[in-house]
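Peer 1: First the structure, which I've put down as structure tokens, then a few questions once you've had a look.
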Amino acid sequence: MGHQNGSEFVGKVVDHVHTGEQYHTFMLTSRRDQTVRDRFQKMALNLLDEGEGVLDFGAGTGIDAKTYAANGHPTFVYEPSAAMRDYLAEHCRDEIARNAIVTVALPLNCKVQAVTANFAVLNHFADHASLFEELSRVVHQGGFVLASMLSPYYLGDARYGWWRKNLLNLVRTGRYAIPSESRIHRFTPRVVARAAAPYFRLERLYPRGVGLATDLYMFLLFRRI
């Protein structure tokens, strides 16, 4: 999602009623986003044992879900945007027909080993405590939540006034929100880890150190305890 703030693009697409195909095309033609997606999918698949189920939370047009299903994982998809759901139904038509992919109206309508949330889905939430409590009833003991979130430290955003204005908020509270149509929130990993407790513990963060300033996305792996 490079050429503009990726989260702003997602917000605009989701808010527009006829943009499922536009979003899908954008995500498949963005070289940087494809690199991020490939890394995320590989990490998720390496964590899953054969035949274990996945909930793709905020599934978009089903790009990740199609890959999970192709690798033999029963896949549930939750997507609140009607425009995205419509295109997902087309993109994943064959998988849905054979029940390899199942759409759910609520996350609690399934029980799985893993929940994946790619491309800043969790950045649309102002607070994650109630979300992780809900997901704790979805994920099996020992299972995981894998999320890619926007790094609050990303220096590529330093050219924007909202980033500089929020540095103090970042230091003080570990979080801030930016003015956009979807009001995207940024969080430090420790803030999200605190919200995930006592149901999940933060097991892995990628990248670490300087990488959090050079990469737009950070991957957070939470283990169900």
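Peer 1: Taking Cα pairs under 8 Å and at least six residues apart, what relative contact order does segment 79-197 come out at, in percent? All intermediate terms of the calculation are to be shown ahead of the outcome.
Peer 2: Values: 126 pairs, mean separation 28.9, N = 119.
Worked out over segment 79-197, it gives 24 percent.
Peer 1: For segment 23-125, rounded, prolate or oblate, judged on the Cα gyration tensor with a ≥ b ≥ c (square roots of eigenvalues), a/c < 1.5 rounded, else prolate if a/b > b/c? List each step's numbers first, then the result.
Peer 2: On the way: a/c = 1.31, a/b = 1.11, b/c = 1.18.
Rounded, since a/c falls under 1.5.
Peer 1: Here's something else I'd like to know. Give me, ordered by chain and number, the residues 5 or more places off Phe119 or on other chains with an amide H under 5 Å from its own placed amide H.
Peer 2: For Phe119, whose amide H was placed from the backbone, the distant partners under 5 Å are Ser148.
Peer 1: A further question on this structure: How large is the dipole of the chain about the Cα centre if only Lys and Arg carry +1 and Asp and Glu carry -1, each at its Cβ, rounded to the nearest 20 debye? Intermediate results must be reported in sequence, preceding the final value.
Peer 2: Details: 26 positive and 22 negative charges, 202 e Å.
That gives the chain a dipole magnitude of about 980 debye.
Peer 1: For segment 201-217, just list the computed ³J(HN,Hα) in residue order, Karplus coefficients 6.51, -1.76 and 1.60, θ = phi - 60°, integers in Hz, with x standing in for Gly and Pro.
Peer 2: With the stated coefficients, segment 201-217 comes to 10, 6, 9, 8, 10, 9, x, 10, x, 4, x, 5, 8, 9, 9, 5, 10 Hz.
Peer 1: Let me ask you something else. If I model a spin label at Asp94 and Arg172 as a point 7 Å from the Cα along the Cα→Cβ vector, what separation in nanometres do I get?
Peer 2: 5.5
Peer 1: Given a cut-off of under 8 Å on Cα pairs at least six residues apart, what relative contact order in percent is computed for segment 153-225? Please list the in-between numbers first.
Peer 2: Details: 82 pairs, mean separation 21.3, N = 73.
In percent, rounded to a whole number, it is 29.
Peer 1: Multiply the residue separation of Asn109 and Asn71 by 0.36 nm, subtract the distance between their alpha-carbon atoms, and state the gained length in nm to one decimal. Please report the intermediate quantities before stating the final value.
Peer 2: Numbers: separation 38, 0.36 × 38 = 13.68 nm, distance 2.23 nm.
Between Asn109 and Asn71, full extension yields an extra 11.4 nm.
Peer 1: With the contact rule set at Cα under 8 Å and sequence spacing of 6 or more, what percent relative contact order holds for the chain?
Peer 2: On the way: 406 pairs, mean separation 41.7, N = 225.
Value for the chain: 19 percent.
Peer 1: Could you calculate the contour length gain from Gln34 to Ala129, that is, 0.36 nm times the residue separation minus the distance between their Cα atoms, to one decimal place in nm?
Peer 2: Details: separation 95, 0.36 × 95 = 34.20 nm, distance 3.00 nm.
Value of the extension gain: 31.2 nm.
Peer 1: Would you mind classifying segment 116-188 by shape? Square roots of the alpha carbon gyration tensor eigenvalues, ordered a ≥ b ≥ c; an a/c under 1.5 is rounded, otherwise it is prolate if a/b is larger than b/c and oblate if not.
Peer 2: On the way: a/c = 2.39, a/b = 2.25, b/c = 1.06.
It is prolate, given that a/c is not under 1.5 and a/b is the larger ratio.
Peer 1: To continue, here is another question. Size of the dipole of segment 156-215 about the Cα centre, Lys and Arg at +1 and Asp and Glu at -1 on the beta carbon, nothing else charged, in debye to 20? Walk me through the numbers before you get to the answer.
Peer 2: Numbers: 12 positive and 4 negative charges, 46 e Å.
With Lys and Arg at +1 and Asp and Glu at -1, about 220 debye.
None of the figures in this text is laboratory data; all of them are computed from the coordinates on show. This one's a predicted model, so the numbers in the text were calculated from it and none came from an experiment. No Cβ is skipped: glycine too gets one built from the backbone with ideal geometry, and neighbour counts run over all protein chains shown.
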